[in-house]
Amino acid sequence: MKRYGLIGEKLGHSYSKLIHEQLADYTYDLIPLSKEEFQPFMQAHDFAAINVTIPYKQDVIPYLDEISDSAKSIGAVNCIVNKEGRLCGYNTDYSGFLYSLRKNNIQVTGEKVLVLGNGGAAKAIMAALASLHPKELITVKYKEEPSVITYEQAAQLHSDASLIVNTSPVGMYPNVDASPVDLTPYQNLKAVVDIIYNPATTKLLAQAKERGITAVNGMEMLVAQAKYAVELFLDKELSDSRIEDVMNTLFPDN
């Protein structure tokens with residue numbers, strides 16, 4: 001029996017099973033793995049194809065026989081296909097994020113963009129944004145690091161940013177009263193993207209909406225990356241309209 005599913009450490013709130021089983025005619029399992037269970041699972045190759053989430057998007061790489069150029073440059077894999085025993089790794093977060101930008105008419109080329117957070121989720125998003133040639137692409141974090149500025153520095157030096165993308169978990173359920181940044185200093189904002197999808201409207205996005213700024217959560221990216229994963233799993237192309245079909249069926253209030 002061909003096995004499809006998602007591996008990660010904690011999967012209790014995942015929507016992936018619902019989404020994949022809407023997109024494709026297979027059973028999709030949620031496969032929580034402890035650190036101790038991870039290595040035996042990867043060595044067994046007992047799956048047709050899997051998605052990978054926190055904290056294993058980089059840990060899977062040594063087990064792969066092949067990795068796509070985009071996943072290699074990103075340094076993270078969220079999709080693995082077992083091709084007759086050879087494990088091939090891809091990153092569909094990259095394509096999923098680009099789809100969400102296109103769908104919501106968010107301009108990146110020539111704009112100043114602030115990315116909040118530089119964890120695993122940021123890797124594909126930074127690569128996707130860079131491919132669109134922003135004027136400046138700046139990473140912001142709560143503490144200063146090489147190639148990273150603090151939130152205080154961002155407000156002082158880059159209040160003219162036109163796009164803010166939150167890749168941090170700040171504001172995610174159950175901590176819904178938290179926000180990674182106060183948008184007040186940013187008077188040139190055209191759009192705010194928060195890759196969190198639970199809640200659908202984070203405190204950050206609520207503040208953007210109050211000012212009439214385009215506010216986009218992570219649900220469309222989640223469904224889009226799943227659609228691109230299904231294409232790799234089944235080696236067939238699906239229409240992008242399937243993304244909207246799933247959004248309307250599963251998440252009509254999004």
Over 27 Å between Cα atoms: which of 112/227; 35/83; 10/209 fall into that group?
112/227; 10/209
Starting from the Cα-Cα distance between residue 150 and residue 248, subtract it from 0.36 nm times their residue separation and give me the gain in nm to one decimal.
31.5 nm
Aspartates and glutamates within cross-link reach of residue 141: Cα-Cα under 14 Å, excluding same-chain residues under 8 positions apart?
152, 182
Just in region 168-210: which trypsin sites (Lys or Arg not before Pro) are loop by DSSP and have at most 16 other Cβ atoms within 10 Å?
190
Please list 3J(HN,Hα) in residue order for region 226-241, calculated via the Karplus relation 6.51 cos²θ - 1.76 cosθ + 1.60 where θ = phi - 60°; whole Hz, with x for glycine and proline.
5, 4, 5, 5, 4, 4, 6, 4, 9, 6, 8, 8, 10, 5, 4, 4
The ³J(HN,Hα) series, computed from each phi in region 186-199 with the Karplus coefficients 6.51, -1.76 and 1.60 at θ = phi - 60°, rounded to the nearest Hz and given as x for glycine or proline, is 8, 8, 9, 5, 9, 7, 10, 10, 10, 6, 5, 10, 9, x
Answer rounded, prolate or oblate for region 170-254, using the Cα gyration tensor with square roots of eigenvalues a ≥ b ≥ c: rounded when a/c is under 1.5, else prolate when a/b is larger than b/c, else oblate.
prolate
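Every number in this text was worked out from the coordinates using simple rules, so none of it is lab data. Keep in mind it's a predicted model, so treat the numbers as computed, not measured. Don't worry about glycine lacking a Cβ; one is built from the backbone with ideal geometry, like all the others, and counts go over all protein chains shown.
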